[in-house]
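Scroll down for the structure; my scribbles are underneath it.
Just so it is clear, none of the values below were taken in a lab; they were calculated from the coordinates. Bear in mind that the values here come from a model prediction, so they are computed numbers and not experimental data. Glycine gets a Cβ as well: all are built from the backbone with ideal geometry, and neighbour counts include every protein chain shown.
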Amino acid sequence: MGLTNQSTGVGVLGGGLRIERTTPDDRIIALTGNPNVGKSTVFNSLTGLNQHTGNWPGKTVTNAQGKYRYKGRNFILVDIPGTYSLMANSVEEEVARDFICFGKPDAAVVVTDATCLERNLNLVLQTLEITDKVVVCVNLVDEAKRKKINIDCKELSKRLGVPVIPTSARSGEGLKELMDAVYEVSIRNHITDPIHITYDAPIEEAVQALETRIWELIDGRINNRWVALKLLEGDAVLLDSLGRYLKFNLLEDKDLCFLVERAKRQLAEKGVNTDELRDRMVSRIIDTAENICSRAVTFENKQYNSTDRKIDNILTSRAFGIPIMLGLLAGIFWLTIAGANIPSEMIASFLFGLEEKLTDFFLRAGAPGWVHGALVLGMYRTLAWVISVMLPPMAIFFPLFTLLEDLGYLPRVAFNLDNLFKKACAHGKQALTMCMGFGCNAAGVTGCRIIDSPRERLIAILTNVFVPCNGRFPTLIAISSIFIGGTVGGAFHSLASTLALTGLILFGIMMTLLVSSILSRTILKGLPSSFILELPSYRKPQVGRIIIRSILDRTLFVLGRAAAIAAPAGLVLWIMANIRVGDLSLLTHAAGFLDPFAKLLGMDGYILMAFILGLPANEIVVPIIIMSYMASNSILELEKMEDLRQLLVSHGWTWLTGVCVMLFSLMHFPCGTTLWTIRKETQSVKWTFVSFVLPTAAGILVCFIAANAARLLGLA
Amino acid sequence: MEERLIPLNFLPLGKKAKVKELTSEGAVRRRMLDLGLISDTVVEALQKSPSGDPTAYHIRGAVIALRSEEACKIMVESL
């Protein structure tokens, strides 16, 4: 979640990142690692709640910093983006490399996945080329044990020449040893003797030819062997960062420039051009990793991944892949709808019971009617509605969703759906950002950073709002259970509303694909970029942890935000409903103005106005509708779903109104937070405008067609 | 020799092959190298997505899904 927290303090480091030190003795530790290795678990376990997130300056890459104390010293952990390499193939890699290289951390911890160590060593070896203050953390050793993979950390440490600590961050195993090793390397200047990778003779000769001059120029501030390699590679991005760090351009030195040109020429004569050089360097690193692993890792069971394969054979199979996916989706909705009913009513009757007490209190205190109205009927009632309707579904939906995330199922969704996205000329990872959108569209938009290609990323951002976020789920759930579940009744009540909701979500996904496809054929023309998706091993989920984290991080965060918006909105609304211009309230005037247009879309003026007033947060759309109706019907008490149904029906709602409200809820302008996030992520007012207009136009069109078709056919 | 090379996307599921040549260039080539796809790396075709593309491969201990557009630029020798 985008809880931004501007840090203040001293110490400007790599990439202009601000790091707050409480004392000059605080040690700065870079935390790196491949994606999906439990790096954030290590980060969270070490720093607890003592952390804050923001962005890398000028980059749309998240940065998190956290603190911990060990042996009386402060350590500031800087979470570097998860990458496979430091070759700067993407913004994340550039940020990671620049921080390790120019941020001058006192140590770098490279978190690796014990079940896939060989591939992870690539990053370790690349990091060791830049700095020797490295601690390798072999995480997920519990998973490795389960798969009967033995890792000899002593041997590994001997080969790599730096401390290697086995951990299982989820259970806290090995963290003390990790902190110990970090302490040794960063404070006691424990001397490491990192492995030196020797390249082919022509490359080594070329490096040697440059090293002396580089040493003279930069005085060992950065590993000069590594700088030599980068100069030979002609890595423009790095040379640029290096220039900014050194405050001069290395290649402006005539001697060095001459040496580099000569070395490159000599390499080319030996058949090593820039591409070949890179190939050989990468190959050498990978060979080294393979070699080290062959000595330090033994697989007792060669078929260690067979369980994963068996699961994948079912979950991504031609016959069952898609049905299981839809089944899981529907299952989650069903549990949410069926499970939320009773707690929702309990909370509602409690909170509305409290409203009576509040009213009594205000009457006895002799408060003027308008004070009671504004505070109790306006603010309190809206707030009570938001809490009773939102809290139970969220408290069920989020943990279930986090469970799927934790199991490792979501990448499989992207795998299953990729072809559809490819046909829409979009990126398969858009399926992942879509899933994030179920939680919160703003989070989904931020999540689009995982898509490298700018064109496909923009498509994913612009279409994210077509999946309903939790702010809209309560609306959808309430209306589908009243107007669709309600018409079926009895035992099939929640089943029918689940099906309606699932159908609606599928429609949203269809619209996502359709709009993506239209975008990539019109204003965002282009070919799909390369697609690489890792399918990580399935992991045993930590149920307790999931419940705590999803309730704390997601449910309460979102509920808090909704409540913060709902209370003032309730106040404004009550005022609008009670200030009269002529015979009618402001609210009625506004609704009357919108009514003719809204009728064309199968709704009424009050509903449309509720959507417009709901811009700050979608959660308050239904409360606004209720308030507006109650303003003209103030005797009614709302305690049960049935009361709500009667209220809506008495204001002319039919099943068609329900359907149109659901469709429009699915497809209209993003909420204020999301728009603001889109503005930030795209750095463009134009695209923010497009993201506003696009779903709104789609919603208007679809509602218009649905309403008029149903009326023409005489269905409503 | 050349005759036996096939693009990776033609490798039948469940079969293993050795990488012999990358025909991609620039950024795509570097991504492939990052995955550890250098000469003589053994890869195994594991599973196709329900719609037939992408395909998941076993590459150096990790499971990586590649679209046929990328896989066709990896020439392999079937084992």
query: If you average the sequence gap of Cα pairs under 8 Å that are 6 or more apart and divide by the length of chain A, what percent do you get for the contact order?
result: 10
field: Cross-link pairs beyond the 29 Å C-alpha cut-off, checked among A:Lys104/A:Lys176; A:Lys270/B:Lys18; A:Lys423/A:Lys540; A:Lys67/A:Lys302; A:Lys104/A:Lys230; A:Lys270/B:Lys20
entry: A:Lys423/A:Lys540; A:Lys67/A:Lys302
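Hey, got the average number of other protein chain Cβ atoms within 10 angstrom for residues in B:53-61?
Taking all residues of B:53-61 together, the mean is 6.
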- request: Calculate how many DSSP beta bridges within the protein assembly as shown are antiparallel, expressed in % of all such bridges and rounded to the nearest 5.
  value: 70
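Counting each DSSP H run of 4 or more residues in the protein assembly as shown as -39500 (n - 2.57), what helix-only mean residue ellipticity at 222 nm follows after dividing by all residues, to the nearest 500 deg cm²/dmol? Write down the numbers at each step before the final one.
Values: 32 runs with 440 residues, N = 795.
Mean residue ellipticity, 222 nm, calculated: -18000 deg cm²/dmol.
Sort A:Arg18, A:Arg521 so that the residue with the fewest other Cβ atoms within 10 Å of its own Cβ comes first and the one with the most comes last. If you can, show how the numbers build up before the last one.
On the way: A:Arg18 16, A:Arg521 12.
Ranking A:Arg18, A:Arg521 by Cβ neighbours within 10 Å, fewest first, gives A:Arg521, A:Arg18.
Antiparallel as a % of all DSSP beta bridges within the stretch B:5-78, to the nearest 5? Can you show the working numbers first?
On the way: 21 of 21 bridges.
Approximately 100 percent, going by the DSSP bridge assignments.
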- line: For A:Ile700 and A:Lys148, extending 7 Å from Cα along the Cα-Cβ vector and measuring point to point gives, in nm, a value of 6.5
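For A:Thr192, A:Thr112, what ranking results if the residue with the fewest other Cβ atoms within 10 Å of its Cβ goes first?
Numbers: A:Thr192 19, A:Thr112 29.
Ascending number of Cβ neighbours within 10 Å: A:Thr192, A:Thr112.
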field: Per residue convex hull volume, Cα atoms of the stretch A:333-394, in Å³
entry: 53
message: Can you give me the long-range amide H partners of A:Asn36? Hydrogens built in the peptide plane at 1.01 Å from N, cutoff under 5 Å, separation of 5 or more residues or another chain.
response: none
message: I want to check the label-to-label distance for A:Lys302 and A:Ala201. Put each point 7 Å from Cα in the C-beta direction and report it in nm to one decimal.
response: 3.8
message: Can you give the FRET efficiency to the nearest 0.05 for A:Lys540 and A:Ala367, using r as the Cβ-Cβ distance and R₀ = 45 Å?
response: 0.20
Euclidean distance between Cα centres, the stretch A:569-594 to the stretch A:640-659, Å: 21
message: Give the lysines reachable from A:Lys357 as a straight Cα distance under 21 Å; neighbours fewer than 8 places away on the same chain don't count.
response: A:Lys640
message: Give me a comma-separated list of calculated 3J(HN,Hα) values for the stretch A:441-454, in order, Karplus coefficients 6.51, -1.76, 1.60 applied at θ = phi - 60°, integers in Hz, x for any Gly or Pro.
response: 4, 5, 5, x, 5, 5, x, 4, 4, 5, 8, 6, 6, x
Nearest-0.05 FRET efficiency for A:Asn273 and A:Ile523, computed from C-beta distance (R0 30 Å): 0.20
- request: Compute the Cα gyration tensor for chain B, then decide on rounded, prolate or oblate, letting a ≥ b ≥ c be the square roots of its eigenvalues: rounded whenever a/c is under 1.5, prolate when a/b is larger than b/c in the other cases, and oblate in all that remain.
  value: rounded
Overall dimensions of the stretch A:257-331 as given by Cα atoms, namely Rg and Dmax in Å: 23.8, 67
query: Amide H neighbours of A:Asn74 under 5 Å, counting only residues 5+ apart in sequence or on other chains, H built in-plane at 1.01 Å?
result: A:Arg27
query: Where does each of A:421-430, A:357-366 land if you order them by average Cβ count within 10 Å, highest first?
result: A:421-430, A:357-366
- request: Pull out the extension gain between A:Glu211 and A:Asp25, defined as 0.36 nm times the separation in residues minus the alpha carbon to alpha carbon distance; nm, one decimal.
  value: 63.7 nm
- request: Mind sorting A:Asp406, A:Asp255 by how few other Cβ atoms lie within 10 Å of their own Cβ, fewest first?
  value: A:Asp255, A:Asp406
- request: Work out from phi, with θ = phi - 60° and the Karplus expression 6.51 cos²θ - 1.76 cosθ + 1.60, the ³J(HN,Hα) of each residue of the stretch A:324-330, listed in order in whole Hz, and give x for Gly and Pro.
  value: 5, 4, 5, x, 4, 4, 5
- line: Residue span A:Val685 to A:Ser171: 0.36 nm per residue of separation minus Cα-Cα distance leaves a gain in nm of 180.5 nm
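Determine the shielding of peptide A:306-319 by partner chains: average, over its residues, the number of Cβ atoms on other chains within 10 angstrom of each Cβ.
Values: counts 0, 0, 2, 5, 0, 0, 4, 2, 0, 2, 7, 4, 5, 1.
Average per residue, whole number: 2.
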message: Compute the distance from the alpha-carbon center of the stretch A:379-429 to that of the stretch B:1-50, in whole Å.
response: 34
Average other protein chain Cβ within 10 Å of Cβ, residues A:284-292: 3
- request: Find the Rg to Rh ratio for the protein assembly as shown, where Rh is the Kirkwood radius over alpha-carbon pairs and Rg uses the same atoms.
  value: 1.02
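Which whole number of Å³ per residue matches the convex hull of the alpha-carbon atoms in the stretch A:160-247? Don't skip to the answer; put the middle values down first.
Values: hull volume 13.7 nm³, N = 88.
It comes to 156 Å³ per residue, whole-number rounded.
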- prompt: Which cross-chain or sequence-distant (5 or more) residues have an amide H under 5 Å from the amide H of A:Asn63, H modelled 1.01 Å from N in plane?
  reply: A:Gly54, A:Asn55, A:Trp56
message: From the phi angles alone, apply the Karplus equation (6.51, -1.76, 1.60; θ = phi - 60°) to the stretch A:386-392 and give each ³J(HN,Hα) in whole Hz, x where the residue is Gly or Pro.
response: 4, 5, 5, 8, 8, 4, x
